[in-house]
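Laboratory data are not the source of any read-out in this text; all were calculated from the coordinates shown. Keep in mind the model is a prediction, meaning the values are calculated, not measured. Note that we place each Cβ from the backbone using ideal geometry, even for glycine, and neighbour counts take in every protein chain shown.
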Amino acid sequence: MRTTVAIVSAVALLSGPLAAQEKKPVPKDSVRVFVPGCTKGYIFTAGRRTAEEPGSLAVPQGMHLRMNGPKTVMAEIRAHEGSMIEITGLMKKGQETPNGVGIGGGVRVSPGPSTSGGGLGVGTGVSQSFIDVESWRPIEGHCPS
């Protein structure tokens, strides 16, 4: 009788973490991405993909993403600032591919809006890409300082 209770208790305890690891479904207007890179504050910079750590092909190297997520996950990521990590998260479709033409080294050239004053004003077309972080994991590599 005691062994039956012990087995049932063990199964109940072990099934809790499994339920917590289930990923939420992807909304129709979003895409789940896996991106290697480095963080600084709440900004994530996509790094180079390797054969061992391919990541998502939709996010180019050098792209900056503003991370949103639960406080506990963000605190864990901030604790590993300066180390290579891979984040998994949801992005709105269309954000993962920046506008313009890539000329190398993470540099893109894109047309901007015409302004009459010659300075940056409201509505200059500068946009920030966002990612809702679901999870992260450390990977091999070094972040540039």
Between Glu134 and Glu76, with labels modelled 7 Å along Cα→Cβ, what's the label distance in nm to one decimal, could you check?
-> 1.4
Provide the packing ranking of 73-83, 37-47, i.e. peptides ordered by the mean count of other C-beta atoms within 10 Å per residue, highest first.
-> 37-47, 73-83
